[in-house]
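The values are calculated or read from the model by the stated rules, or taken from the named source; none is laboratory data. All figures in this text were calculated on a predicted structure; none of them were measured in a lab. Every residue, glycine among them, receives a Cβ derived from its backbone with ideal geometry; neighbour counts consider all protein chains shown. Accessible surface areas use protein heavy atoms only, side chains included; no ligands, DNA or RNA. Shrake-Rupley method; radii C 1.70, N 1.55, O 1.52, S 1.80 Å.
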2 protein chains.
Amino acid sequence: MGSKQRREREKESLRREILDAARDLFVKEGYENVSMRRIAEKIDYSPTTIYLYFEDKGDLLFQVSEETFSKLASKSESLLAEMIDPVVTLKKIERAYVDFGLKYPNHYKVTFINRPELRDMSKYYEKSMGQKAFNLLQQCVAECVRRKKFRRVDVEAASQALWASVHGITALLITHPKFPWTDKNKLIDLVIDTMIDGFKP
Amino acid sequence: MGSKQRREREKESLRREILDAARDLFVKEGYENVSMRRIAEKIDYSPTTIYLYFEDKGDLLFQVSEETFSKLASKSESLLAEMIDPVVTLKKIERAYVDFGLKYPNHYKVTFINRPELRDMSKYYEKSMGQKAFNLLQQCVAECVRRKKFRRVDVEAASQALWASVHGITALLITHPKFPWTDKNKLIDLVIDTMIDGFKP
DNA sequence: CTTATTAGCTTAACGCTGTTAATTTGACCT
DNA sequence: AGGTCAAATTAACAGCGTTAAGCTAATAAG
């Protein structure tokens, strides 16, 4: 007895090995430039073995992405937990989002920017970590409205607008590094502050 | 006599044929899903013929994108020409930007989202049509400040912030089409209006 | 203890891809 | 008419994601 459990653990550990190798390569070289064969080579298995653990290459990226989203989600969660002024917290959450992207640009690219068409996304958006992260931001916006720090805007629309703006500056800074940007930090804050101010009473 | 010119014209016409076929397929099915062989098939030439007219597939898409973006630039140009209230014009320019991105998602992707690693960057930024479009936006922002419709913000920073926000909503709508967005049109306007209002006196 | 079954992994292969090299075609000039 | 040269083609390379079939070693059954 227990051999079944050991087998189970071994299976799970290989799954992790594949996931780690894939993330490493995706982050370092980009999804498009990484082949299943190279991932397999990295962990000394045959390419087809991956298909015993993941549906296809897209699924592999999806699983990697989920892990990344969850990091961001838990960061936002802790910021929300120690909230005093919801507007300040909202700014922190947005700033954390941008900083996260700039700190791990390749990871951000893989997860947020160069997103190839992934499975049935309706299912994905219902319970994914990305949705969770967004929900936390929306929760914070709702709190801003509830405490009358924001005027009575549509919370969902406002949250999506805020997400769009932070994604915009993050994505542009990453993908256009040679563009003659003005001071990047000021620019990020300008985007965040301008949007947030726009929702105040 | 003149046969050289005719040859020249024929060469140019085939180049056009390739460009048109490529744009058609790229727009309809997406860059990744179109092969050189399919483009060639569409115009009844062998695949390798394309390489006599374009460096590679990326070059082909770049040329197609430039043509498309020049449309956006001239649209912005005409909006700027018939400007009365610069703030209204600015809104129109931003809206045209987003609408353009949504109309030609694949072109927008390659030029602003999935940036290919470009060797001669400086040259690109100087004279690409995408850059020209941005310059026109900045010109409009400058006019807003000059006529005191905007408070005395840093024109460059404000322009970049505005660009970031419209890029954000455009990119997200393109790359996350299955996300449960609130009304897209309202959302786009919300982003634009919120940012612009934020720069008013 | 031997035999049958099954899980885990690999090898081989298919039909694609972008791209290069070598080769053929065909129109022009002398 | 024969040579020249550019244009287009065929053949090929190396790689891709993925599937089907085969092998191997551990487990279950008799």
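Here the extension length gained between A:Asp85 and A:Asp24 equals 18.2 nm, from 0.36 nm per residue of separation less the Cα-Cα distance. Beyond 22 Å, how much of the Cα-Cα pair distribution for the range A:13-140 remains, as a whole percent? Pairs farther apart than 22 Å: 42 percent. The HN-Hα couplings worked out from phi for the range A:50-57 by the Karplus form 6.51 cos²θ - 1.76 cosθ + 1.60 (θ = phi - 60°) are 4, 6, 7, 10, 9, 4, 7, 5 Hz, whole numbers, x standing for Gly and Pro.
The Cα-based radius of gyration of the protein assembly as shown, divided by its Kirkwood radius, gives an Rg/Rh of 1.02. The charge dipole of chain B, taken about its Cα centre with unit charges on the Cβ of Lys, Arg, Asp and Glu (plus for the first two, minus for the last two), comes to roughly 320 debye. Surface composition of the range A:1-54: carbon plus sulfur atoms contribute 47% of the solvent-accessible area (1.4 Å probe, protein chains only, all chains present).
One quarter of the surface of the convex hull around the alpha-carbon atoms of the range A:65-199 equals 8.3 nm², the direction-averaged projected area. Placing dummy labels 7 Å off each Cα toward the beta-carbon, the span from A:Arg95 to A:Arg147 is 1.6 nm.
Within 10 Å of the Cβ of each residue in B:185-192, the mean number of Cβ atoms contributed by other protein chains is 5.
Rounded to the nearest 20 debye, the dipole magnitude of the protein assembly as shown is 580 debye, with +1 charges on Lys and Arg beta carbons, -1 on Asp and Glu beta carbons, and the Cα centre as origin. Counting Cβ atoms of other protein chains within 10 Å of each residue's Cβ and taking the mean over peptide A:171-180 gives 5. Of the accessible area of the range A:65-199, with the probe set at 1.4 angstrom, what percent is carbon plus sulfur? Whole-percent figure for carbon plus sulfur exposure: 50. Anything over 19 Å Cα to Cα? Flag those among A:Lys42/A:Lys71; B:Lys92/B:Lys149; A:Lys42/A:Lys103; A:Lys92/B:Lys200; A:Lys103/B:Lys178, in the order listed. Pairs exceeding 19 Å: A:Lys42/A:Lys71; A:Lys42/A:Lys103; A:Lys92/B:Lys200; A:Lys103/B:Lys178. On a per residue basis, the protein assembly as shown carries 51 Å² of accessible surface, using protein heavy atoms and a 1.4 Å probe.
Excluding same-chain neighbours fewer than eight residues apart, the aspartates and glutamates reachable from A:Lys184 by a Cα-Cα span under 13 Å are A:Asp99, B:Glu156. Computed from protein heavy atoms with a 1.4 Å probe, the total accessible area buried between A and B is close to 3200 Å². A simple packing score, the average count of other Cβ atoms within 10 Å per residue, orders the peptides B:37-47, B:187-197, A:50-60 as B:187-197, A:50-60, B:37-47, with the highest score first. Counting from the shortest, the label point at B:Glu41, 7 Å from Cα toward Cβ, is 3.0 nm from the same position in each remaining copy.
Distance between the modelled labels on B:Gln131 and A:Asp154, one decimal in nanometres: 3.8 nm (7 Å Cα→Cβ projection). Cα centroid separation, the range B:152-171 to the range B:89-108: 14 Å. B:Lys200 label point (Cα plus 7 Å toward Cβ) to equivalent points in the other copies: 1.5 nm, shortest first.
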